[in-house]
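S.K.: Encoded as structure tokens, here's the structure I'll be asking about.
The values are calculated or read from the model by the stated rules, or taken from the named source; none is laboratory data. None of these values were measured; they are calculated from a predicted model. We place every Cβ from the backbone using ideal geometry, glycine too, and count neighbours over all the protein chains shown. Surface accessibility is based on the protein's heavy atoms, side chains included, excluding ligands, DNA and RNA. Shrake-Rupley method; radii C 1.70, N 1.55, O 1.52, S 1.80 Å.
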Amino acid sequence: MPEQSVLNLEELRVRPVERSEEQGHRQLMAAHHYLGFLPKIGETLWYVATYCNEWVALLTFSAAAWKCAVRDRWIGWDFHHQYDYERLRLIANNSRFLILPDWHRPNLGSKILSLCQRRLANDWQERFGHRLVLLETFVDPQRFQGTVYRAANWSYLGLTQGYRRTPQGYSATVSSPKKVFVRPLQADAQRVLSRPVLQFPYRKGVPKIMLSAQQMRSLPDFFLDIPDPRRAQGRRHALCTVLAIAAGATLCGMRGYKAIADWAQSLGPKARERFRCRREKGRYLVPSESIIRDVMIRVDPTHLDRSVQRWNQASGQHDTTLAIDGKTMCNALDQNGHQPHVMSVVGHHTKSCYTQKKSAPCQPREIPKS
């Protein structure tokens, strides 16, 4: 550890934390950051800043906030873009920044941020298969003023509304609003994120639709005639509500039970009411991940597919052209040991999936041994 003197900032280095160093990273974050250690969940990268091979600072970049009013306005997002995973994954949140004790020096923090910004997009591409176009962070004004971010050319957008994420969605009362800062990683970040349809190379697969209030209200009606496979005792959520939320999340780009459950938890009170969620003690409750998984595994897929088709026909716009896409389910086998092949028909304008059908079975491919 050097004496309290000015450092040669040109000797600073920033790099991702290696697997063998992760335990040390966790311990230092837990010991010295006021928010404690943040585990790796989803797309997350840990960085370490070094000076003459000594650790100086630690940083964590993770998934962006699901919604943030001042950020969304700055980008140009409306309700059509909220909860759009394809867009949100182009943003990373600087969720932790810790300068280790005895290493606080003038301009050190802004220099570390600048070095991290230069390499982060390429590191993200290499690790997760897609680039980033924007960084965000939230600063507690009761503790900090965000000076280090301003010095690193981040833009201050305003304050959050002050609601906290909870297991039930969001807190009912305002706690401590946070300052919101953003840093574009490319000059056209706002234009890229706000386009009606994401362009390549930023888009993966077929664009997903976003639900209007009327579409949310109508979804449960199309699942009312599906037989409930659950026992009558202990049903906490109506089947039509569980299926409508699962369908809505999937239409908005969510994949997997956890992503669907997280999307459900992020719904506000008005959206929960539109999906006819159960009301208890003045709050609308959404089904948990385990309930969604249980229902989706046990419900009759034929009935489910028929209901989704009816909703598409009633709610979709008229598509002048359709795209047909086929995929072989490589990790699935039917009762005869064959790989199922699924064909999908997708509208070019609405991006709605009109139908999905399982085609003739395919024999599993034999992989030659080297």
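S.K.: State which residue is farthest from Gln265 (Cα to Cα) when the search covers only segment 22-34 and only residues that are open to solvent by less than 40 Å² (accessible area, probe 1.4 Å) and not aliphatic (A, V, I, L, M).
M.R.: By that ranking, first place goes to Gly24.
S.K.: List every residue pair whose Cβ atoms lie under 9 Å apart, where the two residues are 6 or more positions apart in sequence or sit on different chains, the first residue falls within segment 87-101 and is closer than 15 Å to Leu185 by Cα, and the second residue, located anywhere, is part of a strand (DSSP E or B) and among the acidic types (Asp, Glu).
M.R.: Final answer for the pair search is Ile91/Glu136; Ala92/Glu136; Asn93/Glu136; Asn94/Glu136.
S.K.: Right, next: What number goes with the only condition from (1) hydrophobic (A, V, I, L, M, F, W, C); (2) without any contact (Cβ under 8 Å) to a residue 60 or more places away in the chain; (3) open to solvent by less than 50 Å² (accessible area, probe 1.4 Å) that Phe37 does not pass?
M.R.: (3)
Results for (1) modelled with pLDDT of 90 or more; (2) of a type in the set (Phe, Trp, Tyr); (3) open to solvent by 10 Å² or more (accessible area, probe 1.4 Å); (4) not in a helix (DSSP H, G or I), shown as yes or no for each residue.
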{"position": "Tyr163", "(1), (2), (3), (4)": "no, yes, yes, yes"}
{"position": "Thr173", "(1), (2), (3), (4)": "no, no, yes, yes"}
{"position": "Phe200", "(1), (2), (3), (4)": "no, yes, yes, yes"}
{"position": "Lys208", "(1), (2), (3), (4)": "no, no, yes, yes"}
{"position": "Gln214", "(1), (2), (3), (4)": "no, no, yes, no"}
{"position": "Ser218", "(1), (2), (3), (4)": "no, no, yes, no"}
{"position": "Thr241", "(1), (2), (3), (4)": "yes, no, no, no"}
{"position": "Gly248", "(1), (2), (3), (4)": "no, no, no, no"}
{"position": "Ile260", "(1), (2), (3), (4)": "no, no, yes, no"}
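S.K.: Quickly run through segment 6-34 and pick out the residues that are touching a residue at least 60 places away in the same chain (Cβ under 8 Å), closer than 16 Å to Trp103 by Cα and out of contact with any helix residue (DSSP H, G or I) (no Cβ under 9 Å at 6 or more places or on another chain).
M.R.: Scanning segment 6-34 gives Val6, Leu28, Met29, His32, His33.
S.K.: Select from segment 266-282 the residues that are surrounded by fewer than 18 Cβ atoms within 10 Å (Cβ to Cβ) and touching a strand residue (DSSP E or B) at 6+ places or on another chain (Cβ under 8 Å) and list them in ascending order.
M.R.: Gly268, Pro269, Glu273, Arg278, Arg279, listed by residue number.
S.K.: Please tell me if Val14 is open to solvent by 10 Å² or more (accessible area, probe 1.4 Å) and either under 20 Å from Ala151 (Cβ atoms) or in a helix (DSSP H, G or I) (or both).
M.R.: Criteria met by Val14.
S.K.: Can you pull out the residues in segment 262-297 that are hydroxyl-bearing (Ser, Thr, Tyr), free of Cβ contacts under 8 Å to residues at least 60 places away in the same chain and assigned to a helix (DSSP H, G or I)?
M.R.: Within segment 262-297, just Ser290 meets the criteria.
S.K.: Looking at Ala232 and the list (1) over 23 Å from Arg306 (Cβ atoms); (2) hydrophobic (A, V, I, L, M, F, W, C); (3) not in a loop (DSSP other than H, G, I, E, B), which single condition is not satisfied?
M.R.: Against the list (1) over 23 Å from Arg306 (Cβ atoms); (2) hydrophobic (A, V, I, L, M, F, W, C); (3) not in a loop (DSSP other than H, G, I, E, B), Ala232 comes up short only on (3).
S.K.: Related question: From the residues in segment 40-84 that are open to solvent by 20 Å² or more (accessible area, probe 1.4 Å) and polar (S, T, N, Q), which one is farthest from the chain's Cα centre (by Cα)?
M.R.: So the residue we want is Asn53.
S.K.: Search segment 116-134 for residues that are closer than 19 Å to Gln190 by Cβ and open to solvent by less than 40 Å² (accessible area, probe 1.4 Å) and pair each with any residue that is part of a helix (DSSP H, G or I) and β-branched (Val, Ile, Thr) when their beta-carbon atoms are under 7 Å apart and the residues are at least 6 apart or on different chains.
M.R.: Partner pairs satisfying both residue conditions: Val133/Val192.
S.K.: Within segment 37-64, can you find the residues that are small (Gly, Ala, Ser) and at pLDDT 90 or above?
M.R.: Correct list: Ala49, Ala57, Ser62, Ala63, Ala64.
S.K.: Quick check on Arg105: is it at pLDDT below 95, touching a helix residue (DSSP H, G or I) at 6+ places or on another chain (Cβ under 9 Å) and open to solvent by 20 Å² or more (accessible area, probe 1.4 Å)?
M.R.: Answer is yes for this residue.
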